[in-house]
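I have placed the structure first, in the form of structure tokens, so that the comments after it can refer back to it.
Read-outs throughout are calculated quantities, based only on the coordinates presented, and are distinct from any laboratory measurement. Computed from a predicted structure; not experimentally measured. Every residue, glycine as well, gets a Cβ built from its backbone with ideal geometry; the counts of neighbours run over all protein chains shown.
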């Protein structure tokens, strides 16, 4: 679910001593789809930055670092990939996307002014969405929802 690739090469002079940049890239079923064809129907549109996009394609990801909300990223055709400058040490990150279980991880920031990359992959379908609640007759095993 996660991949970490520290780049110890060229240090970034704009990063304070004892810090590194953490670049987060999200992989979701929505970021893997192609641009949809126009179907001729009415679609609700919203502004995201300088773009006007279909509202259904806006997928904000809530980001928490060390228990504090730090902002949103976007997944979909219009990806917004966040970059954080974090101090050396261990940090807890949590990512929440509507329709999916939250994804959490711990990361060790090197603090060497390096670039570190974190790939966060959300599953193709949330288990919550796959298994709708159903009532079953204990004696027969037949669904009571039919």
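Note on residue 14 and residue 81: the model spin-label points, each 7 Å out from Cα along the C-beta direction, lie 1.7 nm apart.
At R0 = 25 Å, how high is the FRET efficiency between residue 117 and residue 44 if r is their beta carbon distance? Nearest 0.05 is fine.
Working: r = 34 Å, r/R0 = 1.37.
With R0 = 25 Å, the Cβ-Cβ based efficiency is 0.15.
For the peptides 116-122, 86-92, the ranking by packing is 116-122, 86-92, with the highest mean count of neighbouring Cβ atoms within 10 Å listed first.
Contour minus end-to-end for residue 108 and residue 88, with contour as 0.36 nm per residue of separation and end-to-end as the Cα-Cα distance? It would help to have the intermediate numbers written out before the result.
Numbers: separation 20, 0.36 × 20 = 7.20 nm, distance 0.73 nm.
Difference between extended and current length: 6.5 nm.
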